[in-house]
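> Provided herewith is a single structure, encoded as structure tokens, for subsequent inquiry.
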Amino acid sequence: MSDVSAQSATANIPQSHSLASYTTLRLGGPAQRVISAVNQDEIIRFVREAEERREPLLLLAGGSNVVIGDDGFAGSVLLIRSRGTEQLPADPAEPDQVTVRVQAGEPWDEFVAGTVAAGLSGLECLSGIPGSAGATPIQNVGAYGQEVAETVAAVEAYDRSTGAVTRMTAGECDFAYRSSVFRHSDRYVVLSVDFRLTRSPLSAPVRYAELARKLGVEVGDRVPLAQARDAVRALRAGKGMVLDPDDPDTRSAGSFFTNPVLDAAGWVRLRERAGEAGEPPHWPLPDGRVKVSAAWLIDKSGFGKGYRSGGAAISGKHTLALTNRDAHSTAELIALAREIRDGVRERFGVTLHPEPILINCVI
Ligand SMILES: Cc1cc2nc3c(=O)[nH]c(=O)nc-3n(C[C@H](O)[C@H](O)[C@H](O)COP(=O)(O)OP(=O)(O)OC[C@H]3O[C@@H](n4cnc5c(N)ncnc54)[C@H](O)[C@@H]3O)c2cc1C
């Protein structure tokens with residue numbers, strides 16, 4: 001398990017350290033240098049120093065959303081280990097609203113647990129997601145009917161193009177499904193995130209049918225915050241989606257593929273092609289497009305839970321998670337990902353795209 005709180009002081013980590021130990025997949029070659037920063041000043045100083053040296057720089061926090069190639073990274077890796085949360089002064093006009101600022105390196109699930117314990121509603125369905133708070137805006141982390149786009153009030157980031165610290169509103173973050181202005185760009189280094197939460201003993205309305213069933217309530221109902229958190233964590237654990245060093249099904253980067261989003265014509269073609277397999281589970285989007293279950297496409301293309309290729313395998317608990325069973329290289333995982341992508345394309349004519357950030361490797 002990659003522990004985002006592991007480093008407590010700035011340290012040059014010996015060159016021999018392969019990056020595998022910093023990722024939840026436990027894969028990835030070496031870097032020239034690995035250093036950790038424990039506060040905003042250190043983060044900014046290290047980024048500037050790397051730029052002055054014209055050195056490629058990779059930011060890593062929990063390492064739970066990256067696939068690093070076997071050649072590693074030809075440059076420096078900066079581990080984001082800044083910690084801390086603070087409640088900002090409330091606006092007297094909105095006494096029920098609370099803004100909480102969290103430093104980028106704070107372990108996400110610890111932060112969520114703290115908001116639940118403090119009676120703050122808005123993040124409870126995002127319980128159990130690994131990684132750091134600062135990485136949540138990058139791909140607009142989401143699960144069980146919530147995504148951070150709904151509660152991010154502002155992101156404080158170091159803008160590498162101007163060399164200045166900037167505050168970005170949620171609108172400026174350009175959030176979309178598993179996407180934001182931060183993704184696939186190294187312009188911004190997230191320093192802290194402000195979440196606007198609601199003072200309430202109850203969760204936000206439950207939107208996800210599976211979660212509502214688990215809780216024994218109807219979609220749209222609210223439940224005590226701790227109950228929502230516990231139910232989400234239990235559902236996630238059953239799918240190998242809570243990190244557990246004793247469970248090889250969790251040695252993954254979470255969902256390996258995003259759910260494909262099809263235009264109207266693409267959706268009609270897919271339904272025709274699905275034929276006897278039945279109608280793919282799908283979610284209509286407000287703009288007329290349709291989001292389709294990647295897990296269903298994978299399963300119906302012949303890649304069921306536990307499907308194995310070399311040292312990599314589909315999780316025994318969740319079709320979307322590719323896991324490292326006893327892979328000695330990232331290449332083994334990539335080979336499995338390619339096989340699945342090509343198989344789905346052949347069966348359904350739909351191309352799946354990886355959700356994690358691929359570093360120095362391609363599928
Ligand atoms: C078992 C499991 C379950 C998961 N479940 C979910 C889920 O339900 N929903 C979901 O959305 N995701 C899920 N994920 C994916 C992952 O946990 C999230 O994307 C998480 O936010 C990544 O955080 P991290 O700190 O590990 O990021 P890393 O993996 O360290 O980094 C991810 C990317 O963000 C960049 N980055 C990291 N920190 C910063 C920063 N401060 N500033 C700028 N860039 C930065 C990195 O350079 C990299 O490109 C899951 C992963 C695993 C392993």
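> If the chain between Glu346 and Ala264 were fully stretched, how many nm would it gain, using 0.36 nm times the residue separation less the Cα-Cα distance? Provide the component values of the computation, followed by the final result.
Values: separation 82, 0.36 × 82 = 29.52 nm, distance 2.02 nm.
Extra length from Glu346 to Ala264 when fully extended: 27.5 nm.
> Let me ask something else. Compute for the chain: radius of gyration divided by Kirkwood radius, i.e. Rg/Rh, restricted to C-alpha atoms, rounded to two decimals.
Details: Rg = 20.5 Å, Rh = 21.3 Å.
Rg/Rh: 0.96.
> Between the range 150-221 and the range 110-130, what is the C-alpha centre distance in whole Å?
13
> For the chain, what is the charge dipole size about the Cα centre, in debye to the nearest 20, if Lys and Arg each add +1 at the Cβ and Asp and Glu each add -1 at the Cβ? Walk me through the intermediate numbers first.
Details: 39 positive and 45 negative charges, 136 e Å.
So the dipole magnitude of the chain works out to roughly 660 debye.
> According to the square roots a ≥ b ≥ c of the eigenvalues of the Cα gyration tensor, what is the shape class of the range 67-143, taking rounded for a/c under 1.5, prolate for a/b larger than b/c otherwise, and oblate for the remainder? Display every interim value, and only then the final one.
On the way: a/c = 2.92, a/b = 2.13, b/c = 1.37.
Prolate shape, in that a/c is at least 1.5 and a/b is the bigger ratio.
> Charges on Cβ only, +1 for Lys and Arg, -1 for Asp and Glu, centred on the Cα centroid of the chain; of Leu126, Ala327, Ala149, which one is farthest towards the dipole's positive end?
Toward the positive end, the furthest listed residue is Ala327.
> Could I have the simple spin-label model distance between Ala164 and Glu110, label points 7 Å from Cα toward Cβ, reported in nm to one decimal?
Distance between the two pseudo-spin positions: 3.4 nm.
> Suppose all protein chains stay in the model; what accessible area per residue would a 1.4 Å probe give for the range 111-227, in Å²?
Accessible surface, normalised per residue, equals 39 Å².
> Right, another one. Radius of gyration and Dmax for the range 253-363's Cα atoms, expressed in Å?
Rg and Dmax of the range 253-363, Cα atoms, are 14.2, 44 Å.
> Something else: Leaving out ligands, DNA and RNA, what percent of the accessible area of the range 177-223 is carbon and sulfur, probe 1.4 Å?
On the way: 1120 of 2440 Å².
Percent of accessible area from carbon and sulfur atoms in the range 177-223: 46.
> Could I ask something else about it? Can you give me the relative contact order of the range 12-136 as a percent, contacts being Cα pairs under 8 Å and 6 or more apart? Working shown, then result.
Numbers: 234 pairs, mean separation 28.4, N = 125.
It comes to 23 percent, rounded to a whole number.
> Write down the accessible area per residue of the range 288-338 in Å², having rolled a 1.4 Å probe over the full set of protein chains. Could you put the intermediate results ahead of the total?
On the way: 1810 Å² over 51 residues.
Result: 35 Å² of accessible area for each residue.
> Based on the Kirkwood radius over alpha-carbon pairs, what value in µm²/s does the Stokes-Einstein equation return for the translational diffusion coefficient of the range 161-301 at 25 °C and 0.890 mPa s? List each step's numbers first, then the result.
Values: Rh = 18.9 Å.
For these conditions, the coefficient is 130 µm²/s.
> From the phi of every residue in the range 99-116, what ³J(HN,Hα) in whole Hz does the Karplus formula 6.51 cos²θ - 1.76 cosθ + 1.60 yield, where θ is phi - 60° and glycine or proline is x?
Per residue, the Karplus-derived 3J(HN,Hα) values read 9, 10, 9, 10, 6, 4, x, 5, x, 4, 5, 5, 5, 4, 4, x, 5, 5 Hz.
> Relative contact order of the chain, please, whole-number percent, based on alpha carbon pairs below 8 angstrom and at least 6 residues apart. Please list the in-between numbers first.
Details: 806 pairs, mean separation 56.3, N = 363.
Relative contact order of the chain: 16 percent.
> Taking Cα pairs under 8 Å and at least six residues apart, what relative contact order does the range 282-329 come out at, in percent?
Values: 60 pairs, mean separation 11.4, N = 48.
Computed value for the range 282-329: 24 percent relative contact order.
> Quote the charge dipole size of the range 30-187 about the Cα centre in Debye, to the nearest 20; the model charges only the Cβ of Lys and Arg (+1) and of Asp and Glu (-1). Mind showing how you got there, number by number?
Working: 13 positive and 23 negative charges, 97 e Å.
In debye, rounded to 20, the range 30-187 gives about 460.
> Hey, got the dipole for the range 203-289? About the Cα centre, +1 on K and R Cβ, -1 on D and E Cβ, debye to the nearest 20?
On the way: 13 positive and 13 negative charges, 35 e Å.
For this selection, approximately 160 debye.
The values are calculated or read from the model by the stated rules, or taken from the named source; none is laboratory data. Treat the numbers as computed from the prediction; the structure is a model and nothing was measured. A quick note on method: Cβ atoms are made from the backbone with ideal geometry, for glycine too, and the neighbour counts reach across all protein chains shown. All accessible areas refer to the heavy atoms of the entire protein, side chains included, with ligands and DNA or RNA removed. Shrake-Rupley method; radii C 1.70, N 1.55, O 1.52, S 1.80 Å.
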